[in-house]
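Input: a single structure, listed below in structure tokens.
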Amino acid sequence: MNMRILGIETSCDETGIAVLDDELGLLSHELYSQVKLHADYGGVVPELASRDHIRKIVPLIKKALKDADTNAQQIDGIAYTQGPGLIGALLVGASVGRSLAFAWNVPAVGVHHMEGHLLAPMLDDPKPEFPFVALLVSGGHTMMVKVEGIGKYTVLGESVDDAAGEAFDKTAKMMGLDYPGGPLLAKMADKGTPGRFDFPRPMTAKPGLDFSFSGLKTAAANSIRSEKLDEQTKADIAYAFQEAVVDTLAIKCRRALKQTGLKRLVIAGGVSANTMLRMQLETMMKKINGKVYYPRLEFCTDNGAMIAYAGLQRLKAGQVESLSSKAKPRWSL
Ligand code: KG4
Ligand code: ZN
């Protein structure tokens, strides 16, 4: 019999809800972004985030069920993001998810947020076959992972300081862009002049698959401070910054593929929406006769569909949890 799952994502500043059927595919997905709420503060305010999730979660679940033409009796399980993330925000999704599971007498499963990102490309065709190398680049994490199957993840490297998205956001903030500045900085870089600035490619000279982005951010900060910041200069700095991040990520991807002997690469997480990153990785993968996969644009950033997908795989494998299971603000993959 087919299985139909309700997915709930509330780890940060997006309330994402989805209904996924393992035979019919994605039946509905809803997203409420709190970006406007946090913009005035230049970053996510945890307490405001929790409150807004509380306001939105039930109406969004109702809408997702309605759009999926699904009633409560047709739901076979509930997947919610258990961590990592903001504790208050996670607790909203976990409490609602587990209460509904109890009321509807179906299993609940807590999903690792990064597993959700990692499997997001599976929501569309062609799906990457296992095994593959995944580069996870979001606002909170930068990780290289060898993926051999559902739950079979080996972390090959990760950031020792800022995440790639975080470096984008902080650099954008220094240039006076609104939060989250990553996509705005990328847009600004479109008008930039290649070659005017040159920033480092951190940790690429030494072997290894770890990342560091705080030095790169500081290099950009120095230029922002010392230059006269007209629009063209800003665009030129944005270009050089983006180029340095993308080069660094591409160098590490190539290294991870060589080390594992794999030819399939998945990129996921908010920064995988970046056009320059996608283009550079496409070119690189063509050269080595490999293929790069990424989620559709709306599933690069946080969403309920990826949590429903990961939860469905877990539930199909028979994984169910007890009602005492807790939200995990820090949780390694
Ligand atoms: O995965 P995500 O939605 O949330 C986390 O789990 O962190 O990622 C959000 C991050 C932010 O840092 C945002 O600036 C970045 O992804 N981002 C981008 C782009 N779109 C989103 N960074 C660079 N270029 C983009 N086009
Ligand atoms: Zn995320």
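The values are calculated or read from the model by the stated rules, or taken from the named source; none is laboratory data. Note that this is a predicted model, so its numbers are computed, not measured. A quick note on method: Cβ atoms are made from the backbone with ideal geometry, for glycine too, and the neighbour counts reach across all protein chains shown.
Tell me, which strands (runs of 3 or more DSSP E) wholly within the stretch 1-92 include 1 or more residues that are more than 18 Å from Asn303 (Cβ to Cβ), within 22 Å of the chain's Cα centre (by Cα) and within 14 Å of ligand 2 (Cβ to nearest atom)?
On the way: elements: 4-9, 14-21, 25-33, 77-83.
Once the strands (runs of 3 or more DSSP E) in the stretch 1-92 are filtered for at least 1 residues that are more than 18 Å from Asn303 (Cβ to Cβ), within 22 Å of the chain's Cα centre (by Cα) and within 14 Å of ligand 2 (Cβ to nearest atom), nothing remains.
Restricting attention to the stretch 146-174, which residues are out of contact with any Phe, Trp or Tyr (no Cβ under 9 Å at 6 or more places or on another chain) and assigned to a loop (DSSP other than H, G, I, E, B)?
Result: Gly151, single match.
Could you list all residues from the stretch 133-161 that are of a type in the set (Val, Ile, Thr), more than 16 Å from ligand 2 (Cβ to nearest atom) and either in contact with a helix residue (DSSP H, G or I) (Cβ under 7 Å, 6 or more places away or on another chain) or at positive phi (or both)?
Val133, Val147, Ile150
Looking at the stretch 188-223, which of the residues that are out of contact with any helix residue (DSSP H, G or I) (no Cβ under 6 Å at 6 or more places or on another chain) and assigned to a helix (DSSP H, G or I) is surrounded by the fewest Cβ atoms within 10 Å (Cβ to Cβ)?
Asn222
Specify the residue that is farthest from Asp190 (Cα to Cα); the eligible residues are those in the stretch 262-307 that are within 14 Å of ligand 2 (Cβ to nearest atom), part of a helix (DSSP H, G or I) and not hydrophobic (A, V, I, L, M, F, W, C).
Ranking the qualifying residues of the stretch 262-307, first place goes to Gly304.
Quick one: count up the residues across the stretch 147-170 that are of a type in the set (Val, Ile, Thr), surrounded by fewer than 21 Cβ atoms within 10 Å (Cβ to Cβ) and modelled with pLDDT of 95 or more. Before you say what the answer is, go through the steps one by one.
Residues of the stretch 147-170 of a type in the set (Val, Ile, Thr): 147, 150, 154-155, 160.
Filter again for surrounded by fewer than 21 Cβ atoms within 10 Å (Cβ to Cβ), leaving 150, 154-155, 160.
Then keep just the ones that are modelled with pLDDT of 95 or more; that gives 154-155, 160.
Count: 3.
Looking at (1) under 18 Å from Ile251 (Cβ atoms); (2) in a loop (DSSP other than H, G, I, E, B); (3) within 10 Å of ligand 1 (Cβ to nearest atom), find the lone condition where Leu136 falls short.
(2)
If the requirement is being among the hydrophobic types (A, V, I, L, M, F, W, C), part of a loop (DSSP other than H, G, I, E, B) and more than 16 Å from ligand 2 (Cβ to nearest atom), which of these qualifies: Phe130, Phe102? Step through it out loud before you land on a result.
Numbers: Phe102 fails: part of a loop (DSSP other than H, G, I, E, B).
Phe130 is the lone residue from the list that is among the hydrophobic types (A, V, I, L, M, F, W, C), part of a loop (DSSP other than H, G, I, E, B) and more than 16 Å from ligand 2 (Cβ to nearest atom).
Criterion first (within 10 Å of ligand 1 (Cβ to nearest atom), buried (at least 19 other Cβ atoms within 10 Å of the Cβ) and within 20 Å of the chain's Cα centre (by Cα)) does Leu185 satisfy it?
Numbers: within 10 Å of ligand 1 (Cβ to nearest atom): yes; buried (at least 19 other Cβ atoms within 10 Å of the Cβ): yes; within 20 Å of the chain's Cα centre (by Cα): yes.
Yes, satisfied.
Of everything in the stretch 105-122, what is assigned to a helix (DSSP H, G or I) and away from ligand 2 (no atom under 12 Å from the Cβ)? Give them in sequence order. Break it down stepwise before answering.
Filtering the stretch 105-122 for residues assigned to a helix (DSSP H, G or I) gives 113-122.
Of everything in the stretch 105-122, those that are assigned to a helix (DSSP H, G or I) and away from ligand 2 (no atom under 12 Å from the Cβ) turn out to be Leu119, Pro121, Met122.
Within the bounds of the stretch 322-330, is there any residue that is closer than 30 Å to Leu184 by Cβ and assigned to a loop (DSSP other than H, G, I, E, B)? Steps first, please.
Just the residues of the stretch 322-330 that are closer than 30 Å to Leu184 by Cβ, to begin with: 329-330.
From what is left, the residues that are assigned to a loop (DSSP other than H, G, I, E, B) are 329-330.
Yes, some residue in the stretch 322-330 is closer than 30 Å to Leu184 by Cβ and assigned to a loop (DSSP other than H, G, I, E, B).
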